[in-house]
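Participant: To start, I am sharing the structure in question, which I have written as structure tokens.
The values are calculated or read from the model by the stated rules, or taken from the named source; none is laboratory data. Remember, it's a predicted structure, so these values are computed and weren't measured experimentally. Cβ placement follows ideal geometry from the backbone for every residue including glycine, while neighbour counts extend to all protein chains displayed. With ligands, DNA and RNA removed, areas are computed over all heavy atoms of the protein, side chains included. Shrake-Rupley method; radii C 1.70, N 1.55, O 1.52, S 1.80 Å.
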Amino acid sequence: KGTGTLRVFPSGRSDIRPDDGSRPVRVHALDRGTAIDGDRVAYDAWEDWNGFHGRVREVTERSRSRLTGRLRPVGSAFLLEPDDPRLPDPIDVDDAGDARAGDSVIAKITGWPEGPEDGLRVQVTHRLGDPGDPRTEVRKLLLMEDIEEEHSHRVMREVAGLSPDTAD
């Protein structure tokens, strides 16, 4: 028994990095329960001829509150194809807002899986546009990392007061 962080790799392989710094514990996809990449978990572990293996007992802390992806139409609804290959796919969209099919979006997670067959549920918070446009990627990074695009009035006054001859 222990606690740690679940890491899911793009290949689908996963392990738990124990809080005590001991060796990672391999976790089969069916033994993740409702945990997703980055979640803090409590787990049971055992050792066999192939190393340490474990099973998630409980998610103790969720690692994400939002994610990015591309909207895919399904009938009159949408699914979200996540940009991060470590996340379950597809993700149910409760509210797409003004986003359209094929748009790159940022979505807030509104529902977590309650069982192994359940998926994430999201609500679109930002419509970013064409996923092939580099400006979409820049905007995605700025919004996901909470980077302010505008400077404060104080900074702008300082910049305005600089001499054009100031060295770079």
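Participant: Just to verify a result, which residue in segment 133-150, among those that are exposed (fewer than 11 other Cβ atoms within 10 Å of the Cβ) and assigned to a loop (DSSP other than H, G, I, E, B), is nearest to the chain's Cα centre (by Cα)?
Facilitator: Once the filter is applied, the top-ranked residue is 145.
Participant: Additional query: Read through the list (1) loosely packed, with under 15 Cβ neighbours inside 10 Å; (2) part of a strand (DSSP E or B), then give the number of the only condition that residue 155 fails.
Facilitator: (2)
Participant: Where in segment 1-85 are the strands (runs of 3 or more DSSP E), entirely inside, with at least 2 residues that are within 30 Å of residue 129 (Cα to Cα) and open to solvent by less than 70 Å² (accessible area, probe 1.4 Å)?
Facilitator: Filter on segment 1-85 gives 66-74, 77-82.
Participant: Further question: Read through the list (1) surrounded by fewer than 16 Cβ atoms within 10 Å (Cβ to Cβ); (2) in a strand (DSSP E or B); (3) more than 14 Å from the chain's Cα centre (by Cα), then give the number of the only condition that residue 92 fails.
Facilitator: (1)
Participant: Separate question: Within segment 103-120, is even one residue at pLDDT 95 or above and more than 17 Å from the chain's Cα centre (by Cα)?
Facilitator: Yes, some residue in segment 103-120 is at pLDDT 95 or above and more than 17 Å from the chain's Cα centre (by Cα).
Participant: Here's something else I'd like to know. Output the number of residues of segment 93-120 satisfying the condition of being out of contact with any strand residue (DSSP E or B) (no Cβ under 8 Å at 6 or more places or on another chain) and farther than 18 Å from residue 33 by Cα.
Facilitator: 0
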